[in-house]
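Below is one structure, written out as structure tokens; comments come after it.
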């Protein structure tokens, strides 16, 4: 099994672009990655495109006008993990030796559903049909967590304040404005205890990653970032009571990822985690092993997950501020991880970053805590 | 790179089932495959689900009520090649050694768009928007082919008559009725020269394949069918004049598949090809190397592609009669190939079948002859 390296990354600025074709966003991300690698388009041997809602043959539609057709293209869907599921398939193709160089794209355009912030998910899911939409689900998780561990709305707000602080340092983020605790706590209630500023936005965007072998990285003279782990798992089906203060899926997936990398939570220099709602980031601190059960509030109070802290989380602004075009998110997390490990993250640089973890999870359907969770670990 | 075997297959009868949930069809196909293998559900380590129009997280939705969650599930979309693209990813996972046993599902429910026979494809494609829908595209191919090689509508009708003859022997086919040349030629004109009986139907259905290693096949005591080749390619982008009498994509993909298998067209005992329209089957006889350019009509006149002929094509009835629930088709072709190679194809058995080829191609977008073509070769 060959080692795989990220040779290049590229993305669009996330935001709301209702008038821009989705294919055009994809092409910008791909060209940015190709430029970053300094290679030819023809060096890409195979492409995987992850999208939640981009429609049929999106990879082919993106590559067509770039003259990059005539080679294998596979479109992948796994809700919020669509982009990193595509990434995993690209890593697999290179590990197997099927190709030397693969492109993974993550992309979505949620403003196709309107700009009002709601995405009409088609579902036959009985719980969603009865009102268990994402904000409601996370609100229940928040309530349970607060009950179990004595966390408060202030801790949730601290997650959002940190996201905005970091997002303000990221020129590709959808939101680049610092906010204070009072603004977060005083914003409109979406699903008690989650206020508007504790929820990620909808939006549009694309990100791309070029994967290759050690030999090619050396040949191209680019800084290769090694893929130390690539793991995908799905949630378990459970009826009846679920302990919403614990995220079994992320806990299980991260254990497999640490095992594959031969590393542990103590080795992680920074993490990009799936903070779709403020409570999610707190749950994932614990599920990823950055602290024990109920200790997320302590991490926040001590500033340990700030860019300057012990274990910086979401230096790129997270889903909350970089934005969350579903399929694009996981690949954008990898862009941030790569920039951090190369020391190219500008004002939001985590000093001495050596190991980065990305975590994308999503697709809540009845009884599953999530349909797909993917964790990748990278080293420089 | 490890060899991969098909341990088991299963499918639903294709047809129009507007009142049946898509997940339920998927579960039937999966259970049929698991029963065919005589294994436990927990033996499936990873799942790939190919669908064109099944919506988000379809694999997860299918496996949920089967208690088969908690392991990696990846959803794949590649138009008519969705199912076999999922198959290829499953083969890749086993070749790499990531898992020993994988499940590939192909599935779609086209009656969700109504039962009138039209599927409202979302597209930003300029040619499709101007009327270049699939029947129109294939009609142009037919006209060009007839002009180049002197084939007639009668040859097109012969393809359909053969499909119906074979479909009548397949209890899982959507159409199981023998028709004559006059019926085909006299049916309603859809896109000149293609009449209604020269076009595949829309419909619903699911198919599933269990892939595993040589060791597991022996351990389970099932007849293992070896995967000798698994190739995916995409069409090249061309503007201006295209020679519609030649299918460059299938020609290129089949060359790669023959090379991977170390076999040639002369070694194929039977083929399941993508006869979405009667002309397509004729084009693919040539693209797959079963005869030279312009010679497809000779194969038909001599009965060489009949079940009893030199190179039987679509013994299962093809897309024309087995039906064409987009994502399900490629995996259903593999079911037929496996039954034929095991000698379990009943009245439609190809005597002495040793090597089977399956060919799925689809997704016409401007300038691409097709977005995704997948060819697999199997040996017993």
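Things to note:
- In chain A, the beta carbon lying closest to the axis that superposes A onto B belongs to the residue given here with its whole-angstrom distance, A:96, 2.
- Sorted from nearest, the other copies put their residue A:267 label points 4.4 nm away, the label point being 7 Å from Cα in the direction of Cβ.
- Spin-label zone in the stretch B:268-288 - amide nitrogen under 12 Å from a point set 7 Å from the Cα of residue B:178 along the C-beta vector: none
- Gain in span if fully extended, residue A:147 to residue A:256, counting 0.36 nm per residue against the direct Cα distance: 36.3 nm
- Mean Cα-pair separation over length for the stretch A:144-302, i.e. relative contact order, pairs under 8 Å, 6 or more apart, %: 25
- All Cα-Cα separations within chain B were binned at 10 Å from zero, giving a P(r) of 6, 27, 36, 24, 7, 1, each value a whole percent of the pairs.
- Between copies, the label points at residue A:196 (set 7 angstrom from Cα along Cα-to-Cβ) are spaced 5.6 nm, reported in nanometres from shortest to longest.
- Chain B, relative contact order [Cα under 8 Å, separation at least 6], %: 26
- Computed from the Cβ-Cβ distance with R0 of 41 Å, the FRET efficiency linking residue B:140 to residue A:132 stands at 0.25.
- 37 °C / 0.692 mPa s Stokes-Einstein diffusion coefficient of the protein assembly as shown, Kirkwood radius on C-alpha pairs, µm²/s: 125
- For the stretch B:47-190: relative contact order, % (alpha-carbon pairs under 8 angstrom, 6 or more apart): 18
- With a Förster radius of 25 Å applied to the beta-carbon distance between residue A:347 and residue A:66, the computed FRET efficiency rounds to 0.20.
- Two-decimal ratio, the stretch A:1-142, of alpha-carbon radius of gyration to 2.2 N^0.38 Å: 1.18
- For chain A, the longest principal axis of the alpha carbon atoms and the long axis of helix A:278-287 meet at an angle near 70°.
- Spin-label model, residue B:298/residue B:215: points 7 Å from Cα along the beta carbon direction are separated by 5.0 nm.
- With the label put 7 angstrom out from Cα along the Cα-to-Cβ vector, residue A:352 ends up 7.5 nm from the copy partners, going from closest to farthest.
- Rounded to the nearest 10 degrees, the inclination of helix A:82-96 to the longest alpha-carbon principal axis of chain A is 40 degrees.
- The peptide list A:134-145, B:309-320, put in order of mean Cβ contacts within 10 Å with the highest first, becomes B:309-320, A:134-145.
- Rg/Rh for the stretch A:179-317, where both radii come from Cα atoms and Rh is the Kirkwood radius: 1.01
- Stokes-Einstein diffusion for the stretch B:305-380 at 20 °C, viscosity 1.002 mPa s, with a Kirkwood radius from C-alpha pairs, works out to 162 µm²/s.
- Angle of helix A:153-167 to the longest C-alpha principal axis of chain A, folded into 0 to 90 degrees and rounded to 10: 30°.
Laboratory data are not the source of any read-out in this text; all were calculated from the coordinates shown. Predicted model only: the values in this text are computed from it and were never measured. For neighbour counting, all protein chains shown are included, and Cβ atoms are generated from backbone atoms with ideal geometry for every residue, glycine included.
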